[in-house]
Amino acid sequence: MKTVGDYISFLEEKGFKLGEDAISFIFFGKQFTKASDQLVIWAIEWTLKIKQNFDGSFYLLLLERIVEENIQTKRELLSFLDRTGLSA
């Protein structure tokens, strides 16, 4: 399993640079929701797919919903995104 830090490094290697404020907000959201690294990574990934950039408020809302829905697998995540009309 990747950590959030690993995923941020992966994004930077692919040319997607997150500013220090965005990175701080990502970790704030992780602590605020008590989400696992995998859930945070999914929230970042889908925020970027849907918004085409990092939108902190959208990321936090999505992460909160993922945690509230008790999503544990990629299949559950995709089902949730389809159900809510958020699939990219």
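FYI, it's all coordinate maths here, none of it is from the lab. Fair warning: this is a prediction, and the values are worked out from it, not measured in the lab. Quick reminder, even Gly has a Cβ in these numbers, built from the backbone with ideal geometry, and neighbours come from all protein chains shown.
Below is a table of values for the structure above.
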| quantity | calculated |
| --- | --- |
| Count of residues meeting criterion [of a type in the set (Phe, Trp, Tyr), farther than 18 Å from THR3 by Cβ and surrounded by fewer than 15 Cβ atoms within 10 Å (Cβ to Cβ)] in the range 28-82 | 0 |
| Unique match (being over 18 Å from THR84 (Cα atoms) and in a helix (DSSP H, G or I)) among GLY15, GLY29 | GLY29 |
| Residue in the range 20-49 that is nearest to SER79 (Cα to Cα), counting only those that are free of Cβ contacts under 8 Å to residues at least 24 places away in the same chain and of a type in the set (Gly, Ala, Ser) | ALA43 |
